[in-house]
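Inspection log for the structure reproduced underneath, given as structure tokens.
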Amino acid sequence: MGLRYSQCLDPDGVDNDFPDHPIHSKQVFCAHPCYDGLGYGSSEVEDDDDDCDTGSRFPVFYARGPTTRFLYSHSPRFMAASSSLSRSKPLFRKTSKYNKNGIAITYGCGQCLTHLSSSNQIISDQYTGKTGDALLINSVVNVVLGEPEVREMTSGLYTVCDIKCHQCHKLLGWKYIKSHQASQKFKEQRYILEINNMKVVA
């Protein structure tokens with residue numbers, strides 16, 4: 001049995017919803033200076049303050065993300081301003097392909113069925129691996145990591161390592177350790193699971 005020495009997943013658990021993460025959120029406007037969503041997307045910082053008059057005592061900082069512009073300041077006037085956060089619906093809730101009656105699906109190794117991840121950890125299904133379609137996954141369990149190596153892929157240069165099932169050592173995909181392109185930094189510390197290398201187990 002693949003699950004004997006493995007960590008099992010409970011996709012119906014209350015703590016197993018997709019974590020609040022900037023890649024899954026769209027920042028409409030934020031006046032708070034400590035929002036961690038500013039760490040993703042382009043790291044371009046603008047010094048131009050023509051867009052907003054905040055007074056001379058409080059600096060205003062800008063950061064541009066993939067879809068919108070963020071604004072934050074230490075000014076009390078901005079701290080008191082309203083803010084809103086609109087979240088895009090997680091991929092697994094958008095289609096029955098990735099849920100059973102609204103509950104996330106658990107994926108296991110295609111060979112021994114050891115639990116690997118669940119569909120509420122899917123970031124994107126628009127990827128291709130060595131064997132065909134693949135998923136970009138936020139987190140996985142029960143895998144062992146190979147040696148890091150630099151690979152040239154269609155979207156650029158990455159430092160990656162293969163991931164294998166810790167039970168049967170089947171090759172499952174890879175982990176992005178480092179992106180050498182600023183626009184692809186969101187992939188770092190995330191995983192590719194190839195669909196042909198895994199099965200639905202629950």
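The values are calculated or read from the model by the stated rules, or taken from the named source; none is laboratory data. In this text the structure is predicted, and so the values were computed from the model without any measurement. Ideal geometry is used to build each Cβ from the backbone, glycine not excepted, and the neighbour counts take in all protein chains shown.
Please list, ordered by residue number, the strands (runs of 3 or more DSSP E) wholly in segment 98-202 having 1 or more residues that are among the aromatic types (Phe, Trp, Tyr) and within 19 Å of the chain's Cα centre (by Cα).
106-109, 122-128, 156-165, 171-179, 190-194
Could you give every pair whose Cβ atoms fall below 6 Å, whose first residue belongs to segment 82-109 and is within 13 Å of residue 125 (Cα to Cα), and whose second residue is part of a helix (DSSP H, G or I) and modelled with pLDDT of 80 or more, counting only separations of at least 6 or pairs across chains?
Matching pairs, first to second residue: 92/119; 92/120; 98/119.
Look through segment 176-190, keep the residues that are in contact with a Pro (Cβ under 9 Å, 6 or more places away or on another chain) and under 20 Å from residue 130 (Cα atoms), and return whichever of them is surrounded by the fewest Cβ atoms within 10 Å (Cβ to Cβ).
Among those residues, the one meeting the criterion is 178.
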